[in-house]
Amino acid sequence: MSDEQSGPAEGSMPRPSLQDYYGQRLRQLVQQAVNAGLTTSDAQAVVHDVFTKLIPKWERIPVERLDAYVGKSVRNGVTDVHRRRRREVPLAPEDLPEQAAPGYLGGEAVVEARDEHAKLRAQLGRLSERDRSLLLMQAQGVAPDEMAKRLGLTPGTMRVALHRAHARITKIRTSDAEDER
């Protein structure tokens, strides 16, 4: 029997599930990104993006290289954020238009949109990690068939999982709306 068929070599580490690894390393990776100059929310977004991209690759990454691979992925994500910020050139006051463009959301509408965004983030936080990930992938434009491939599910199972995730967030949003009345 070859080493590949006999399972992990003696003394090698067993592969943690992606979910377990995420739970164990989340705080440390977010802190690493914060130490590199990101805000906490940007750092959390970078780490979440890294783990979302790891889903289809997880089983192919050698166990002994997991920490290095994930750490490097987070550092690359931080670098991408810094590069995007450098490319954003702020406008000088004299370059700003005299009047707002038609349809511009001003003052109260901006505050209302921010409040709605914060409320939605809190509601999403009440979902399971799987439901959040599915809804995030869908919001990013990933097709259900592609999600199914990434997660190793059948397309039918993926459609059911998406339907249930939508039902759960709708139930949460409806419940919150009724509580506000």
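Before moving on, here are some points about what is shown:
- Taken over the alpha carbons of region 117-180 as equal point scatterers, the Debye sum produces base-10 log I(q)/I(0) values at 0.14, 0.23, 0.29 Å⁻¹ of -0.42, -0.93, -1.26.
- Counting only residues at least eight positions apart within a chain, or on another chain, the lysines with an alpha carbon under 22 Å from that of LYS149 are LYS53, LYS57.
- A Cβ-based charge dipole, computed about the Cα centre of region 18-87 with Lys and Arg at +1 and Asp and Glu at -1, lands at about 420 debye.
- Placing unit charges on each Cβ (+1 for Lys and Arg, -1 for Asp and Glu) gives region 28-91 a dipole about its Cα centre, and among ALA68, LEU38, HIS82 the Cα reaching farthest toward its positive end belongs to HIS82.
- For a modelled paramagnetic label at LEU26, 7 Å from Cα along Cα-to-Cβ, the residues of region 129-153 in reach, with backbone nitrogen under 16 Å, are 129-136.
Where a number appears in this text, it was derived from the coordinates with a stated rule and is not lab data. Remember, it's a predicted structure, so these values are computed and weren't measured experimentally. We place every Cβ from the backbone using ideal geometry, glycine too, and count neighbours over all the protein chains shown.
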